[in-house]
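K.L.:
Below you'll find the structure I mean.
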Amino acid sequence: MAQSVSAFQAAYISIEVLIALVSVPGNILVIWAVKVNQALRDATFCFIVSLAVADVAVGALVIPLAIIINIGPQTEFYSCLMMACPVLILTESSILALLAIAVDRYLRVKIPVRYKSVVTPRRAAVAIACCWIVSFLVGLTPMFGWNNLNKMLGTRDLNASHSEFVIKCQFETVISMEYMVYFNFFVWVLPPLLLMLFIYLEVFNLIRKQLNKKVSSSSNDPQKYYGKELKIAKSLALVLFLFALSWLPLHILNCITLFCPSCKTPHILTYTAIFLTHGNSAMNPIVYAFRIKKFRTAFLQIWNQYFCCKTNKNSSSTTAEMVN
């Protein structure tokens with residue numbers, strides 16, 4: 001049965017659609033840039049592609065499902081649960097990709113001479129596959145039983161069939177807040193974020209020491225090598241900072257909901273936190289464009305070659321920039 005949409009819901013849907021329209025093309029551009037630019041083929045950028053794939057899925061899958069859930073259709077319990085799980089999978093995938101990027105940057109400054117023999121394309125591919133497998137296991141845990149079905153059945157007809165249990169589909173209705181706080185946040189979100197903070201602090205510390213000592217490395221010019229590493233590390237640390245800034249408010253609200261059931265969270269605060277989480281998927285391409293020259297060059301090459309038809313004029317100069 002068709003359900004009317006309120007003015008508030010219409011505004012919510014409009015903002016979500018706008019985020020998706022920025023996120024999907026922006027992250028497809030990131031993946032495209034890595035494909036066309038040979039200089040973006042190392043392990044770090046493979047992990048960035050994994051992160052971009054998750055962000056594309058947020059815009060193309062999670063946001064449409066969030067809009068459906070916001071409208072609150074009448075659905076079977078597990079159908080609603082299936083719509084709520086993708087965001088959990090993709091959040092964990094993003095966190096693990098960011099962790100892999102942090103470890104990769106650490107290895108580049110800790111063992112610059114042996115780095116290429118240690119971080120091979122095969123090992124990077126295995127790491128990415130493991131990240132996605134873990135993400136699916138963590139995100140689909142509610143499907144395996146850690147959900148609100150038994151709690152809801154306790155308040156309804158105990159003889160009702162599980163397969164025919166119809167509810168108004170909302171995230172909090174099907175997803176257990178204990179799962180969100182104790183398992184998702186305290187185990188799979190907060191510890192990786194703290195670990196990444198420690199890793200980046202160590203990366204900056206190592207780079208500063210090397211720049212001061214001018215220790216020899218795989219590069220002919222240690223000063224230049226570590227200078228580049230510092231610049232890229234700062235850009236990727238900014239990506240991590242924006243991720244934490246976008247996701248921590250919603251997790252904090254979940255903690256308040258669990259530990260203080262009588263506390264009433266203003267709807268505007270909840271929606272702002274949701275917009276931040278979805279909006280994070282649109283932020284990374286902007287950071288890459290402004291902070292990482294190789295990405296900026298690749299973006300310009302794609303624009304000139306495929307959208308402005310300036311291949312002959314710009315291709316040679318852009319290619320030269322990408323090699324440098």
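The values are calculated or read from the model by the stated rules, or taken from the named source; none is laboratory data. For clarity, every value in this text was computed on a predicted model and none was experimentally measured. When we count neighbours, we look across all protein chains shown, and the Cβ atoms used for this are built from the backbone with ideal geometry, even at glycine. Heads up: the accessible areas ignore ligands, DNA and RNA and are worked out on the full protein's heavy atoms, side chains in. Shrake-Rupley method; radii C 1.70, N 1.55, O 1.52, S 1.80 Å.
K.L.:
With a cut-off of 8 Å between alpha carbons and a minimum separation of six or more residues, what is the relative contact order of the chain in percent?
P.N.:
Numbers: 347 pairs, mean separation 80.4, N = 324.
Across the chain, relative contact order equals 25 percent.
K.L.:
Follow-up. Calculate, for the chain, the solvent-accessible area per residue in square angstrom, rolling a 1.4 angstrom probe over the heavy atoms of the protein chains. Could the numbers behind the result be given before it?
P.N.:
Working: 16660 Å² over 324 residues.
I get 51 Å² per residue for this part.
K.L.:
Pop out the carbon and sulfur fraction of the accessible area of the chain as a percent, whole number, probe 1.4 Å. Could the numbers behind the result be given before it?
P.N.:
Numbers: 11150 of 16660 Å².
Heavy-atom surface of the chain belonging to carbon and sulfur, 1.4 Å probe: 67 percent.
K.L.:
Take the Cβ-Cβ distance between ASN150 and VAL187 as r, set R0 to 30 Å, and report the resulting FRET efficiency rounded to the nearest 0.05. Could the numbers behind the result be given before it?
P.N.:
Details: r = 22 Å, r/R0 = 0.73.
Using R0 = 30 Å, I get an efficiency of 0.85.
K.L.:
ILE111 versus VAL166, label points 7 Å from Cα toward the beta carbon: distance in nm?
P.N.:
6.0 nm
K.L.:
Sticking with this structure for a sec: Using Cα positions and a limit of under 26 Å, work out the lysines in reach of LYS168, with same-chain residues fewer than 8 apart set aside.
P.N.:
Hits, sequence-local ones excluded: LYS151, LYS264.
K.L.:
Just want to confirm a number: the relative contact order over the stretch 1-133, from Cα pairs under 8 angstrom separated by 6+ residues, in percent. Before the final figure, lay out the partial values.
P.N.:
Working: 94 pairs, mean separation 39.2, N = 133.
Reported relative contact order: 29 percent.
K.L.:
Distance cut-off 20 Å, Cα to Cα: go down the list LYS110/LYS213; LYS116/LYS209; LYS110/LYS234; LYS209/LYS234 and report the pairs above it.
P.N.:
LYS116/LYS209
K.L.:
Looking at (1) 1.03; (2) 0.94; (3) 0.96, which value of Rg/Rh (Cα atoms, Kirkwood Rh) comes from a calculation on the structure shown?
P.N.:
Working out Rg/Rh (Cα atoms, Kirkwood Rh) from the coordinates points to (1).
K.L.:
So if we plug the beta-carbon distance of THR265 and ASP221 into 1/(1 + (r/R0)^6) with R0 = 41 Å, what FRET efficiency do we get, rounded to 0.05? Provide the component values of the computation, followed by the final result.
P.N.:
On the way: r = 54 Å, r/R0 = 1.31.
For R0 = 41 Å, the calculated efficiency reads 0.15.
K.L.:
Among 10-18, 66-74, how do they line up from the highest to the lowest mean number of other beta-carbon atoms within 10 Å? Write down the numbers at each step before the final one.
P.N.:
Details: 10-18: 14.8, 66-74: 17.1.
Final packing ranking: 66-74, 10-18.
K.L.:
Still on this structure, I have one more. How far apart, in nanometres, would the label points at GLU178 and LEU195 be if each is projected 7 angstrom from Cα along the Cα-to-Cβ direction?
P.N.:
Placing both labels 7 Å beyond Cα along the Cβ direction yields 2.6 nm.
K.L.:
When ranked by the protection proxy of mean other Cβ atoms within 10 Å per residue, highest first, what sequence do the peptides 52-63, 259-270, 114-125, 279-290 form? Walk me through the numbers on the way to the answer.
P.N.:
Details: 52-63: 22.9, 259-270: 9.8, 114-125: 12.9, 279-290: 20.1.
Final packing ranking: 52-63, 279-290, 114-125, 259-270.
K.L.:
Would you compute, from DSSP H runs of 4+ residues alone, the mean residue ellipticity of the chain at 222 nm, taking -39500 (n - 2.57) per run and dividing by the full residue count, rounded to the nearest 500?
P.N.:
Calculated at 222 nm, the ellipticity per residue is -24000 deg cm²/dmol.
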